[in-house]
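Values in this text are rule-based calculations from the coordinates and carry no lab data. In this text, all values refer to a predicted model and were calculated from it rather than measured experimentally. For neighbour counting, all protein chains shown are included, and Cβ atoms are generated from backbone atoms with ideal geometry for every residue, glycine included.
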Amino acid sequence: MIGLPQLLNGFVWGWIVALVALGLNLIYGILGIINVAHGTFYMLGAVIALVLLPSLGFWGGLLAACILVGLIGAVTERLVLRPLLDRPVMTILATFGILLALEQTVGLTFGLSNRAVPDPFGLQLRLGSITYPGYRLVVALCAMLAIGGLDLFLKRTRWGSWVRAVNQHRELALVQGVPVPRVYSLTFALGTGLAALSGVLVAPIVGVHYLMGVDIVILAFVVVIVGGTGNLWGTVLVAIGAAELENLLTLVTRPTAARMITFLALGLLLVIRPQGLFGEKQAE
Amino acid sequence: MLLTTRNLTKHFGGVAAIQGLDFQVDALETRAVIGPNGAGKTTLLRLIMGELTPTRGEIFLNGQPIHHLPSHRIARLGIAKAFQIPQIFPSLTVAQNVQAGVGHGLASLWLNGGRQAQIRERVAQVLDQIHLADKADLPASELAHGEQKRLEIGLALAQSPQLLLLDEPTAGLSHAETDEIMQLIRSLQGKTTLVMVEHDMRVVMSLADTISVLHFGQLLAQGTPQEIRANPKVQEIYLSQHG
Amino acid sequence: MSGNRWQLLAGAAGILGLVLAPTFLDSFWVFFLAEILLFILFAQSFNLLFGYTGLLSLGQSVYFTVGAYTVALLIRQWKPGVGLLLPAGVLTGMVSAALVGSLAVRVRGHGFIIITAVPTVVLVLLGQDQSAWTGGDNGLNIIPPKLLGQYSFFDPTVSYYAVLPCFLATMFFLRWLLATPLGQAFLLVRENEARAAVLGYDTLRLKFVAFVIAGGIAGLAGALDALVTAYVIPSSASWTVAADAIIWTLVGGAGTLLGPVVGTGVLLFAREFLSDIWAHGYPLLLGLVLIGVVLFAPQGVVGALRKRMGG
């Protein structure tokens, strides 16, 4: 079937983008931090996986990368970002500093060239007349599980309810005995951990490069805002929609043009509905 | 009539803050708008100023509809507003703040070289009126709360409005500071039309020509201070709460 | 009054120093200084928006690149003179900024930042997509026309004396602009946009005007960069390039005309010195400096100094 691989690619890439965007959304919503280094944590995940996969295996490496990056995230939050709470402009600068420092450290340590990561499963699926790498479907499945898990975590656990409480009304949460500072650390760790998870998952598809996080962060930001800040499933929907649009467009035009059109479409949505597609119109 | 609203209605979500309000203000009168919290007083001022768009209904200034206009256009028609919480420009000096009120509108921005002296004179005049001439060169952020309230009114005054909206001009002020504001308002009476939302009954009763009582977004009663004081409905919903 | 006189004196000395610089610097440093000056203009374009109007644009690299490619493509097609190339760069910078600005200024808050960032991605992709015109990832080498018909831009001194008047003119323009009622109104938008609207200021229009002027300045910087380096590349539109202007401005001190001068100068010198001893040390160091500035001197170098002297 013509277009099936593109459709599947869009689906897989959409879930990855959703995962990155959700981490960003969480950090922005709870901490008011505009984390331009989010793509860097995504890149860090991929790099750590590259190093650890041979010894720990795919699943072990994946877990280790998420935990390690989450820890790095928590430490960064505590040391650099905590003093900047609610000064979003300053957080842009600080996180840009983090981006530069981390990216360059990685570039110096691991080299500046793209490194391929072998397909962990080597499975090829026959779908009618085409074959499709089974790993990609595993990627989408992992992302789905992670997002479903995040949703459950936020709705069903005590920590999750704390995160939501802080999101809704920080002072009130503080009064009600929510350990707000720890919620900040947790949120940042969770957000960066999700970015790392996405990085690990895509590494076998696109390889690892020290600048791989630069482009995705803008896409993720646009997706967050178009999906409606604080809206988990809105973000997922927009991410998948955008990824499908881009991949299906490659059927009729060049990949760069497809991506450009997708960005233009998202940008236009942003202008038409600044509060997001699924966001409530803000109270005047 | 200087200001008229017809069937003015504003919903927030499902809640009506103002419901079918017909409200009139005569030129050069001093009107106080009172009512319990949530009666829609501040919403009314924001609707007049164009900070909110009405859900339904109309607002007229001198018979001209203004409810569809953005704030800056309404301001240029001669309505000014002093906010309850001072909305001044914190890192500009007191004089620059007042000047911001004097020269508005892009059209006048490029070509006011010849008007410099005129503007300076007006700034000095307003600074005198609000008793802040000696602090003209201080950053506005360094003023005390009472002074910031006066500067807030000064910003609005600087526009030389025909209609001045005052949102709780004495909120959070001491007795002495309140007296100062009352003096300032008295000096404006008869020269400018004033509509003020106010909780302090001493201020309302001694300054207002007419009092409008809002309750659940509707006009409950309207009349002179004596009439309002004697009105049993008003006593029931409002005055009784305040002792 | 005496403070003003000192400022005047320092300014005059600075200008004299800049005019005479090629007589006592070797050609490497002359070229380097030319680059610093045009990058200061790039930083000023961000400074006008953020420092004076309160608009955080993540997309000034777009107008820089538009200005640069205007020069490059005009040279390829018609080989006009510098006297036409530079105004063309300013104009296209302004037009593209007007296009984006007319949509972006309507969106408040953080949406504005993201909307200004979208064109950075689109322009880089457009450049890659249309590589026949733009050179794609390799960029495009150009041969700048001779200045006044005889001086080649490949001579650093010529480049420098082409950049310097533009630099000085823009600095004086900004100084004048910010003293006009229009410039003062920008400050009101920065300080309290909602209040400015209630005072009668058309804040949308003010933001739009600031955005277009800033686009013109970035376009000028880009056009100069194309002439001086004889090279243009689509990736210069990337948001990370826009972030350079942000960093230079904020390290120096936003909301002052001197801030971007100091920030750009200091950081580019640091990069030059570091590149000799440790090639990749600059971005790493810059990252750490940035974190330090944000945490300990959020008003930048000039802001901190001013505060110390004032207090």
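Listed values for segment C:102-110 are Karplus-derived 3J(HN,Hα) couplings in whole Hz (6.51 cos²θ - 1.76 cosθ + 1.60, θ = phi - 60°), namely 4, 8, 5, 5, 6, 9, 8, x, 6, and x replaces Gly and Pro. Volume per residue for segment C:181-239 equals 98 cubic angstrom (convex hull of Cα atoms).
Going through the cross-link list B:Lys41/B:Lys233; A:Lys155/B:Lys10; B:Lys149/B:Lys233; B:Lys10/B:Lys81; B:Lys191/C:Lys207, which pairs have a Cα-Cα distance over 27 Å in this structure?
Result: A:Lys155/B:Lys10; B:Lys149/B:Lys233; B:Lys191/C:Lys207 exceed 27 Å.
Note: relative contact order over chain B, using C-alpha pairs below 8 Å and six or more positions apart, is 27 percent. Suppose R0 equals 41 Å; then what is the FRET efficiency for B:Lys191 and A:Val271 from their Cβ-Cβ distance, rounded to the nearest 0.05? E(calc), rounded to 0.05, equals 0.35. Using just its DSSP H runs of length 4 or more, each adding -39500 (n - 2.57), chain B gives a mean residue ellipticity at 222 nm of -9500 deg cm²/dmol after division by all residues. Net charge of the neighbourhood of B:Gln183, taken over other residues with C-beta under 12 Å away and scored Lys/Arg +1, Asp/Glu -1, is -1.
Nearest 500 deg cm²/dmol is fine: what mean residue ellipticity at 222 nm does chain A get from its DSSP H runs of n ≥ 4 alone, each adding -39,500 (n - 2.57), divided by its residue count?
Roughly -25500 deg cm²/dmol at 222 nm, from the helical runs in chain A.
Backbone phi angles across segment A:173-178, fed through the Karplus curve with coefficients 6.51, -1.76 and 1.60 (θ = phi - 60°), yield HN-Hα couplings of 4, 4, 5, 7, x, 6 Hz in residue order; Gly and Pro are listed as x. For B:Ile18, the residues 5 or more places off, or on other chains, whose built amide H falls under 5 Å of its own are B:Lys10.
Extending 7 Å from Cα along the Cβ direction at B:Ala144 and again at A:Trp59 yields two label points whose distance is 7.1 nm.
Using a cut-off of 10 Å between beta-carbons, work out the net charge of the residues near B:Lys149 (Lys and Arg +1, Asp and Glu -1, B:Lys149 not included).
Numbers: positive: B:Arg150; negative: B:Glu147, B:Glu152, B:Glu168, B:Glu177, B:Glu180.
Summing Lys and Arg as +1 and Asp and Glu as -1 gives -4.
Electrostatic tally near B:Ala32: other residues with Cβ closer than 15 Å to its Cβ, Lys and Arg +1, Asp and Glu -1, net -3. Taking a ≥ b ≥ c as the square roots of the Cα gyration tensor eigenvalues, with a/c under 1.5 meaning rounded and otherwise prolate when a/b beats b/c, else oblate, which class fits segment A:131-284? Oblate, because a/c is 1.5 or more while a/b does not exceed b/c. Among bridges DSSP assigns within segment B:131-240, what percent are antiparallel (round to 5)? Roughly 45 percent of the DSSP beta bridges within segment B:131-240 come out antiparallel. With a Förster radius of 60 Å applied to the beta-carbon distance between B:Gln226 and C:Gln7, the computed FRET efficiency rounds to 0.45. Counting only Cβ charges, +1 for Lys and Arg and -1 for Asp and Glu, the dipole size of the protein assembly as shown around its Cα centre is about 560 debye.
Alpha-carbon geometry of chain C: the Rg and the Dmax are 19.1, 59 Å, given in that order.
Against the empirical 2.2 N^0.38 Å scaling, what ratio does the C-alpha Rg of chain A come to?
0.99
Annotation: the antiparallel percentage among DSSP beta bridges lying fully within chain B is about 55.
The mean of 1/r over all distinct Cα pairs in segment A:211-284, once inverted, gives the Kirkwood hydrodynamic radius of 12.7 Å.
When you restrict to C-alpha pairs under 8 Å that are six or more residues apart and normalise by the size of chain C, the relative contact order lands at 32 percent. When the Cα atoms of chain B are aligned to their principal axes, the ranges along those axes come out at 55, 40, 33 Å in descending order. Each of C:Tyr282, A:Tyr184, C:Tyr201 has some number of other Cβ atoms within 10 Å of its Cβ, and from fewest to most they run C:Tyr282, A:Tyr184, C:Tyr201. Any chance you could give the angle, 0 to 90 degrees and rounded to 10, that helix B:175-188 forms with the longest Cα principal axis of chain B? Long axis of B:175-188 versus the principal axis of chain B: about 80 degrees.
Counting every other Cβ atom within 10 Å of each residue's Cβ, B:Asp137, C:Asp244, C:Asp137 order from fewest to most as B:Asp137, C:Asp137, C:Asp244. In terms of surrounding Cβ atoms within a 10 Å radius of their Cβ, C:His110, B:His11, B:His68 rank from fewest to most as B:His68, B:His11, C:His110.
Largest mean-square fluctuation among A:Leu219, A:Leu141, A:Leu108, in a Gaussian network model of chain A whose springs join Cα atoms under 10 Å apart, belongs to A:Leu108. 3J(HN,Hα) couplings calculated from phi for segment B:157-174 with the Karplus curve 6.51 cos²θ - 1.76 cosθ + 1.60 (θ = phi - 60°) are, in sequence order, 4, 4, 6, 6, x, 7, 10, 10, 9, 10, 9, 6, x, 10, 4, x, 9, 6 Hz; Gly and Pro show x.
Over the protein assembly as shown, what is the percentage of antiparallel beta bridges among all DSSP beta bridges, to the nearest 5?
Of the beta bridges lying entirely in the protein assembly as shown, close to 60 percent run antiparallel.
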